Amino acid sequence: MNIPTMRAVVSAMICLAMLTGCWNSRELDELGIAVATGIDKNDQGEYLITVQVINPSEVATEAPTTRPPVSTYTITGETLFEAFRKLSIKTPRKIYLSQMRLVVIGESLAEDGIMPALDFLYRDHEFRPSYYITVAKNASVENILSVLTPYEKIPANKVMNSIENAESHWGVTTGVHIDTLISKIRSPGEEAVLGGLLLNGEEDVGNRMSNVEQADAPTTLELDETAVFKEDRLAGWLTEKQSLGFNFITGEVSSTIVTHPCENGETSSVELLRSTSSISAEMDGDTPSISVLIEAEGNIGEMNCDISIGEPEGIDQINLALEEEIETIVQSAIVAAQSDFESDIFGFGQAVHRYEKNDWKTLESEWDEVFKDVRVQVDVKAEVRSRGNSSRQIDKKG
Amino acid sequence: MNQPAISPRQFMFIVIFFTIGSSILIVPSPIASAAKHDAWVSVLLSILVGASLVLFYILVWKSLKGKSFVQACTFVFGAWLGRLFSFFYLAFLYILSALVLRNIGDFMTTQIIPETPLTFIHLFFLLVVIVGCYLGVESIGRSAEIFMPWMILLFLFLIFSITPQMNMDHLRPFFDSTSKEIIDGSTVMIGTPYLEMVALLMVIPYVKESPKTAHGWFIGSMIGGGFLFLITILSLLVLGSDLTSLNAYPTYNVAEKINIAGFMEGLEIIIAIIWMITIFFKLTVLYYASSVGIAQFLNIDNHRILLLPLGMGMIVLSLVAYPDMAYYENFVADTWLPYAVTHGFLLPLFLWGGLQIKNRAQKNTL
């Protein structure tokens with residue numbers, strides 16, 4: 001053999017030996033792709049986890065069979081990690097966590113404190129932090145994750161898409177990722193919230209294929225109002241209106257519908273397209289006071305009031321009604337947080353920290369007490385820009 | 001003698017890589033835990049100190065008159081005392097290379113391939129580095145030129161794609177930390193990478209004589225510092241100071257948060273690529289400096305025969321250097337700075353003083 005050939009052979013052999021891939025390569029058909037996890041505690045204080053795994057043959061096929069697109073497995077363990085590994089006695093494949101879309105926390109765990117569970121979720125390298133965390137409101141996590149959803153084959157995807165959709169078009173829900181959650185729980189002068197998940201209908205019906213074989217699925221998953229936390233414990237639930245108010249204050253409302261009543265007993269709706277908020281704080285002697293400025297911009301969406309929207313005065317009138325309505329919504333959220341839950345979900349404490357850093361040093365330790373009675377000044381500036389297709393009210397008079 | 005040579009421009013690129021390598025992943029977290037959301041002030045402060053350090057190194061280099069650090073030690077202090085100085089200097093470089101190698105292993109086993117044994121990651125990475133050192137400083141310089149645009153492109157991509165996730169409130173209130181906390185934070189970056197630049201005194205004799213050489217070093221270290229500033233402020237803006245200090249590799253977590261229009265996700269590997277490219281150059285420069293230095297120390301003409309045996313030692317050293325991550329963090333926090341100051345500042349200061357006396361004496365005898 002001449003030297004060039006020998007060189008080629010040797011390099012080929014070295015490449016063969018070195019380019020075989022990872023130390024422990026795992027083929028796709030050896031992995032069970034988990035898309036959702038439910039975490040709760042049972043009566044013995046052990047973690048109870050439910051994992052929703054994709055059935056690849058059902059999702060990626062032209063001719064679906066009667067098998068469900070996902071399977072769920074439930075198991076208990078002393079720690080979360082233990083429980084996840086213990087799953088292998090039930091599942092045929094190793095559970096792969098990088099495609100996780102959704103984590104559902106059971107209500108009893110939420111009441112006990114979620115921080116111990118978050119440690120694993122944040123520490124393990126396989127999780128990407130892009131999944132949403134929600135709280136199961138009226139059902140066990142096992143039942144919620146077993147519901148088969150119409151339209152979207154994979155329930156976890158359905159919930160994720162609903163969260164994103166509702167966030168950008170309805171403004172009431174909050175999609176929370178793990179890093180925001182952890183930093184809010186840890187940071188002083190700020191408390192965390194999570195979105196709620198609701199099971200609507202019969203539990204026994206939801207986990208059958210027959211649930212999705214009907215146009216009107218009897219059992220569905222719905223996003224629910226916002227869960228308020230105090231430290232890492234569930235303190236209570238905001239109503240729909242309060243959740244919207246919360247999102248107004250934190251500036252998370254991108255688009256929503258604000259409905260206001262009018263003198264003739266009818267109602268009208270304005271479609272908000274943008275809203276921003278800024279929170280500032282200042283000291284009145286020893287007590288801090290917070291001011292929230294909300295600016296919103298929108299269109300008239302549905303007009304049944306007796307207001308002549310052809311005139312600038314009419315638009316002003318609507319602006320005014322809109323401002324009042326938003327302010328009521330926002331105030332209801334503030335009242336709920338201050339007196340019902342005593343939890344600073346808006347981060348007013350952080351605002352004090354930002355604006356009055358010297359006073360914050362003394363306030364920090366007693367902020368929980370201070371927050372309950374802190375004065376909040378809400379200013380809303382609303383601006384209706386356009387009126388849709390019609391420049392007048394569409395009524396019977398003609 | 002036909003000395004291999006690189007251009008001042010290539011040298012500047014090497015300096016940029018050297019500054020960013022390894023610091024990009026390990027620096028933000030300790031700075032943020034010391035200086036909280038004022039960490040970026042610490043970084044600016046350390047760049048300032050770094051600038052004066054680099055000016056000092058340039059001063060030392062000017063008085064070296066084309067000699068390397070090790071040759072100059074022998075020249076000034078004689079064969080025995082000079083060798084003692086060189087020994088400490090070379091030990092510093094060698095240990096530093098082993099630690100940098102271990103940084104790669106730690107990162108890979110923490111974030112990407114946790115079940116692969118460290119030994120194999122170190123082995124394969126070091127093999128590439130050895131090939132680089134074998135081919136010599138010219139090849140290293142040219143490949144630095146090739147990789148620089150890639151690094152910058154990936155970096156810009158990272159910055160632009162993460163912009164929507166930034167939150168200015170994470171930086172407020174400004175100057176909330178005490179000046180002691182800010183100075184504490186800045187020592188991290190003074191130790192890594194600025195005091196480590198003393199290694200470049202072994203490489204700079206290979207740069208073509210030009211007035212631009214000193215510029216290259218200075219500007220390169222400032223550009224590298226600018227990158228580190230950007231990466232730190234990015235971590236703060238995206239994660240907040242609490243999560244930045246909580247994470248082992250905050251920049252990697254920043255990249256994990258990239259989400260463009262809902263479908264471009266999981267791009268964190270670009271930060272791993274930046275890190276691989278930069279740390280490759282850092283390790284190659286360090287390894288080259290130690291092997292050339294040891295060759296000069298032992299009066300060996302060709303440093304290449306040392307590359308493999310030194311590598312074997314380095315694999316072992318990198319594995320036993322520290323038992324676990326917690327030990328390493330304490331080591332970086334408490335031990336590294338004094339160690340780096342004695343070897344990266346006092347040692348060259350002695351040498352510079354000696355050179356001044358020696359050069360003056362020589363001038364007088366002429």
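The values are calculated or read from the model by the stated rules, or taken from the named source; none is laboratory data. Here the structure is a predicted model, which is why all the values come from computation and not from measurement. Cβ coordinates were reconstructed from backbone atoms using ideal geometry, including for glycine residues, and neighbour counts include every protein chain displayed.
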Item to check | Qualifying residue in the range A:71-84 (condition: out of contact with any Gly (no Cβ under 7 Å at 6 or more places or on another chain), within 14 Å of chain B (Cβ to nearest Cβ) and at pLDDT 85 or above) | outcome: yes
Checklist outcome for this item: The one condition A:Phe120 fails out of (1) surrounded by fewer than 20 Cβ atoms within 10 Å (Cβ to Cβ); (2) at pLDDT below 90 is (2)
Checklist entry - Assuming A:Ala215 fulfils every condition listed in (1) within 21 Å of the chain's Cα centre (by Cα); (2) surrounded by fewer than 18 Cβ atoms within 10 Å (Cβ to Cβ) apart from one, which condition is it? => result (1)
Next on the checklist: Condition (residue is within 22 Å of B:His303 (Cα to Cα), more than 12 Å from chain A (Cβ to nearest Cβ) and surrounded by 14 or more Cβ atoms within 10 Å (Cβ to Cβ)) applied to the range B:166-181: is it met by at least one residue?
Outcome noted: no
Item to check | Options B:Ala255, B:Ala289, B:Ala272: the member that is crowded, with 17+ Cβ neighbours inside 10 Å, within 14 Å of chain A (Cβ to nearest Cβ) and within 18 Å of the chain's Cα centre (by Cα) | outcome: B:Ala272
Checklist entry - Being surrounded by 24 or more Cβ atoms within 10 Å (Cβ to Cβ), in a loop (DSSP other than H, G, I, E, B) and on the phi < 0 side of the Ramachandran plot, is that true of even one residue in the range B:11-29? => result yes
Checklist outcome for this item: Filtering helices (runs of 4 or more DSSP H) wholly in the range A:90-170 for at least 2 residues that are of a type in the set (S, T, N, Q) gives A:141-146, A:155-169
Next on the checklist: Yes or no: the range B:230-241 includes at least one residue that is at the interface with chain A (Cβ under 10 Å from one of its Cβ atoms) and assigned to a loop (DSSP other than H, G, I, E, B).
Outcome noted: no
Checklist entry - What number of residues within the range A:335-367 are of a type outside the set (Gly, Ala, Ser) and outside any helix (DSSP H, G or I)? => result 5
Checklist entry - Can you name every residue in the range A:154-176 that is of a type outside the set (Ser, Thr, Tyr) and touching a helix residue (DSSP H, G or I) at 6+ places or on another chain (Cβ under 6 Å)? => result A:Gly171, A:Val172, A:Gly175
Checklist outcome for this item: Within the range A:15-50, of all residues that are surrounded by fewer than 10 Cβ atoms within 10 Å (Cβ to Cβ) and modelled with pLDDT of 85 or more, the one farthest from the other protein chains (Cβ to nearest Cβ) is A:Asp43
Checklist entry - Just for the range A:158-186: of the residues that are in contact with a Lys or Arg (Cβ under 9 Å, 6 or more places away or on another chain) and more than 12 Å from every other protein chain (Cβ to nearest Cβ), which one is surrounded by the most Cβ atoms within 10 Å (Cβ to Cβ)? => result A:Val159
Checklist entry - Being within 14 Å of another protein chain (Cβ to nearest Cβ), among the polar types (S, T, N, Q) and touching a strand residue (DSSP E or B) at 6+ places or on another chain (Cβ under 6 Å), is that true of even one residue in the range A:104-127? => result no
Checklist entry - Within the range A:342-358, how many residues are of a type in the set (Gly, Ala, Ser) and away from every other protein chain (no Cβ under 14 Å)? => result 1
Checklist entry - Taking the condition of a type outside the set (S, T, N, Q), more than 14 Å from chain A (Cβ to nearest Cβ) and surrounded by 18 or more Cβ atoms within 10 Å (Cβ to Cβ), does B:Glu209 pass? => result no
Checklist entry - at pLDDT 90 or above, within 14 Å of chain B (Cβ to nearest Cβ) and surrounded by 13 or more Cβ atoms within 10 Å (Cβ to Cβ) - does that describe any residue in the range A:359-371? => result no
Next on the checklist: I'd like to check something: does the range A:332-341 contain any residue that is touching a helix residue (DSSP H, G or I) at 6+ places or on another chain (Cβ under 6 Å), modelled with pLDDT of 90 or more, surrounded by 21 or more Cβ atoms within 10 Å (Cβ to Cβ) and away from every other protein chain (no Cβ under 14 Å)?
Outcome noted: yes
Checklist outcome for this item: Filtering the range A:281-308 for residues that are among the polar types (S, T, N, Q) and surrounded by 15 or more Cβ atoms within 10 Å (Cβ to Cβ) leaves a count of 3
Item to check | Qualifying positions in the range A:301-334 - in a helix (DSSP H, G or I) and of a type in the set (A, V, I, L, M, F, W, C) | outcome: A:Ile315, A:Ile318, A:Leu320, A:Ala321, A:Leu322, A:Ile326, A:Ile329, A:Val330, A:Ala333, A:Ile334
Item to check | Failed criterion for B:Leu156 (all others in (1) within 29 Å of B:Val238 (Cα to Cα); (2) more than 10 Å from every other protein chain (Cβ to nearest Cβ); (3) among the aliphatic types (A, V, I, L, M); (4) surrounded by 17 or more Cβ atoms within 10 Å (Cβ to Cβ) hold) | outcome: (4)
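Every residue, every condition in (1) closer than 24 Å to B:Trp336 by Cβ; (2) free of Cβ contacts under 8 Å to residues at least 12 places away in the same chain; (3) surrounded by 20 or more Cβ atoms within 10 Å (Cβ to Cβ); (4) under 22 Å from the mean Cα position of the chain (by Cα), yes or no:
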position: B:Gly220; (1), (2), (3), (4): yes, no, yes, yes
position: B:Ser245; (1), (2), (3), (4): yes, no, yes, yes
position: B:Tyr249; (1), (2), (3), (4): yes, no, yes, yes
position: B:Ile260; (1), (2), (3), (4): no, no, no, no
position: B:Thr278; (1), (2), (3), (4): yes, no, yes, yes
position: B:Val285; (1), (2), (3), (4): yes, no, yes, yes
position: B:Pro323; (1), (2), (3), (4): yes, yes, no, no
Checklist entry - Considering the range B:113-137 alone, what residues qualify as being at the interface with chain A (Cβ under 10 Å from one of its Cβ atoms) and assigned to a helix (DSSP H, G or I)? => result B:Phe120, B:Ile121, B:Phe124, B:Leu127
Checklist entry - With B:Ser86, B:Ser97 as the choices, which residue is of a type in the set (Gly, Ala, Ser), under 15 Å from B:Gln296 (Cα atoms) and more than 14 Å from chain A (Cβ to nearest Cβ)? => result B:Ser86
Checklist entry - Hey, does the range A:70-84 have a residue that's surrounded by 14 or more Cβ atoms within 10 Å (Cβ to Cβ), of a type outside the set (Val, Ile, Thr), touching a helix residue (DSSP H, G or I) at 6+ places or on another chain (Cβ under 8 Å) and without any contact (Cβ under 8 Å) to a residue 24 or more places away in the chain? => result yes
Checklist entry - Here are B:Lys180, B:Lys208: which of them is more than 14 Å from the chain's Cα centre (by Cα) and in contact (Cβ under 8 Å) with a residue 60 or more places away in the chain? => result B:Lys208
Checklist entry - Taking A:Val352, is it farther than 23 Å from A:Ile182 by Cβ, touching a strand residue (DSSP E or B) at 6+ places or on another chain (Cβ under 8 Å) and hydrophobic (A, V, I, L, M, F, W, C)? => result no
Next on the checklist: Being within 30 Å of A:Glu191 (Cα to Cα) and surrounded by fewer than 21 Cβ atoms within 10 Å (Cβ to Cβ) narrows it down to one residue among A:Arg93, A:Arg128; which is it?
Outcome noted: A:Arg128
Item to check | Qualifying positions in the range B:36-83 - modelled with pLDDT under 90 and under 30 Å from B:Pro173 (Cα atoms) | outcome: B:Lys36, B:His37
